[in-house]
């Protein structure tokens, strides 16, 4: 199938599909005129790539995890699981940072509200 059909079948833009190919995540063959052609398996591959992106993985990390799919073995499965665990730890740390930032903002908002209440309660001079 050509790139437009793959885009239509997966709901992914042609531009994204080209990017996946540039990153080595997706493979096509080229016709004599240079058009990309994909196998039917590409639909499942693109769907998997989208799921990995939705899980917060970068294209570099996706490339590190895909060998588990391309050459399934205990070693590639272990490596993929370890890499995903590292990403989960990174995301957890980022979430903790965001929670601290949100809590600091909540404190500033509380101070602002208290200040506003004092302004309202004091007589206008």
key: Evaluation of residue 34 against (1) within 26 Å of the chain's Cα centre (by Cα); (2) modelled with pLDDT under 95; (3) in the same structural domain as residue 10 (by TED's automatic domain parsing) (one fails), failing number   = (1)
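Let's see how each residue does on (1) crowded, with 16+ Cβ neighbours inside 10 Å; (2) modelled with pLDDT under 95; (3) in a helix (DSSP H, G or I):
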site	(1), (2), (3)
42	yes, no, yes
46	yes, no, yes
68	yes, yes, yes
77	no, yes, yes
93	no, no, yes
96	no, no, yes
107	no, no, yes
123	no, yes, no
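Restricting to the stretch 21-35, count the residues that are out of contact with any helix residue (DSSP H, G or I) (no Cβ under 8 Å at 6 or more places or on another chain) and either over 15 Å from residue 50 (Cα atoms) or touching a residue at least 40 places away in the same chain (Cβ under 8 Å) (or both). Reasoning before the result, please.
Filtering the stretch 21-35 down to residues out of contact with any helix residue (DSSP H, G or I) (no Cβ under 8 Å at 6 or more places or on another chain) leaves 21-22, 29-34.
Those still in the list that are either over 15 Å from residue 50 (Cα atoms) or touching a residue at least 40 places away in the same chain (Cβ under 8 Å) (or both) too: 22, 29-34.
Number of matching residues: 7.
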message = All but one of (1) surrounded by fewer than 18 Cβ atoms within 10 Å (Cβ to Cβ); (2) part of a loop (DSSP other than H, G, I, E, B) hold for residue 26; state the number of the condition that does not hold.
response = (1)
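The values are calculated or read from the model by the stated rules, or taken from the named source; none is laboratory data. Here the structure is a predicted model, which is why all the values come from computation and not from measurement. Methodologically, a virtual Cβ is constructed for each residue, glycine included, from the backbone with ideal geometry; neighbour enumeration extends over all protein chains shown.
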